[in-house]
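The values are calculated or read from the model by the stated rules, or taken from the named source; none is laboratory data. Given the structure is predicted, the values throughout are model-derived calculations rather than measurements. All Cβ positions, even for glycine, are placed from backbone atoms using ideal geometry, and neighbour counts span all protein chains on display. Side chains included, ligands, DNA and RNA excluded: accessible areas come from the protein's heavy atoms. Shrake-Rupley method; radii C 1.70, N 1.55, O 1.52, S 1.80 Å.
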Amino acid sequence: MAERMNVNPTRMMLTSLKKRLKTATRGHKLMKDKRDELMKEFLELARENGRLRQEVEEKLADVYKNFTVASAIMSSEVMEESLMFPKQGVMLEVGNRNIMSVDVPVFTFKTTAEDPTNIFPYGFARTTGELDNAISALSDLFPLMLELAAKEKETSLLAAELEKTRRRVNALEYVMIPRLTATIKYIQMKLDENERGNQTRLMKVKDMMLAEVIQEKRENDMRELESYVGE
């Protein structure tokens with residue numbers, strides 16, 4: 001049985017608690033609806049995130065493979081010299097969008113060079129095709145990695161909001177609403193007891209007054225009878 005609140009059992013308190021119970025019940029329904037929608041969004045996002053992560057990991061594996069082959073063919077000095085001064089850069093912009101009252105990040109970028117395909121910081125005479133393939137694949141992979149980063153953060157934020165909403169739903173369902181219900185029941189019981197006590201006292205007073213009236217009438221009748229006999 002839920003623990004009741006320590007309040008005075010008055011009608012004013014009863015009215016106040018009934019209003020609180022109505023608000024808590026409505027809030028519980030809204031929070032449950034929000035929790036269900038968040039769960040739906042989270043599951044869809046988790047599936048998309050898993051698919052995207054698998055795609056990025058597969059493409060990164062190809063990039064690493066090409067870098068490994070290029071490193072085996074080229075000397076470390078040539079490799080370091082070729083990649084020392086990047087020719088292309090990016091400017092990252094961070095926005096946000098709202099999902100179920102949760103602000104999640106949206107990443108966009110633009111290249112610093114006018115030609116986005118101008119990505120090779122070296123001449124082709126001393127490098128291998130595998131290095132070219134790795135650089136090109138990384139350039140193509142960058143938007144996908146940025147999308148994955150946004151999805152990862154979005155998943156984390158939705159998971160935190162989902163957990164917070166779940167705790168609120170449980171607090172309302174298993175603590176607040178049962179406590180309010182138990183307290184309302186207790187106050188109603190006390191008020192009913194007081195009402196029955198008042199009715200009992202009124203009946204006793206009524207019986208006493210009726211007995212006094214009857215006694216007074218008997219005394220008056222006796223006095224009238226004695227007066228009549230005396231005449």
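Of note:
- For Rg and Dmax of the Cα atoms in Å, calculated from these coordinates, the label among (i) 16.1, 49; (ii) 41.6, 156; (iii) 17.5, 51: (ii)
- Estimated purely from DSSP H runs of n ≥ 4, each contributing -39500 (n - 2.57), the mean residue ellipticity at 222 nm for the chain is -27000 deg cm²/dmol once divided by its residues.
- Global form of the stretch 1-130, assessed from the alpha-carbon gyration tensor, a/c cut-off 1.5: prolate
- For the chain, the share of DSSP beta bridges that are antiparallel, to the nearest 5, is 100%.
- Largest to smallest accessible area among M91, M12 [probe 1.4 Å]: M12, M91
- The stretch 49-111 shape via C-alpha gyration tensor axes, a/c threshold 1.5: oblate
- For V90, the residues whose modelled amide H falls within less than 5 Å of its own, excluding neighbours fewer than 5 places apart on the same chain, are T112.
- Calculated FRET value between V56 and A125, using beta carbons and R₀ = 25 Å, to 0.05: 0.20
- Distance in nm between pseudo-label sites at T10 and V175 (7 Å out along the Cβ direction from Cα): 2.8
- Potential lengthening between T108 and R26 on full extension [0.36 nm per residue; Cα-Cα distance subtracted]: 25.5 nm
- Within a straight-line Cα-Cα reach of under 18 Å, K110 can be paired with the following lysines, leaving aside sequence neighbours fewer than 8 residues apart in one chain: K87.
- Subtracting the Cα-Cα distance of V213 and D132 from their residue separation scaled by 0.36 nm leaves 17.4 nm.
- The stretch 108-231: C-alpha pair distances exceeding 19 Å, %: 79
- Straight-line cross-link reach from K206 at under 17 Å between alpha-carbon atoms covers these lysines, not counting any fewer than eight positions away in the same chain: K217.
- When the C-alpha to C-alpha distance is required to be over 27 Å, the pairs from K59/K153; K59/K164; K19/K190; K18/K204; K164/K190 that qualify are K59/K164; K18/K204; K164/K190.
- Residue-normalised accessible area of the stretch 129-170, expressed per residue, 1.4 Å probe, Å²: 47
- Protein accessible area in the stretch 97-231, 1.4 Å probe - carbon and sulfur %: 57
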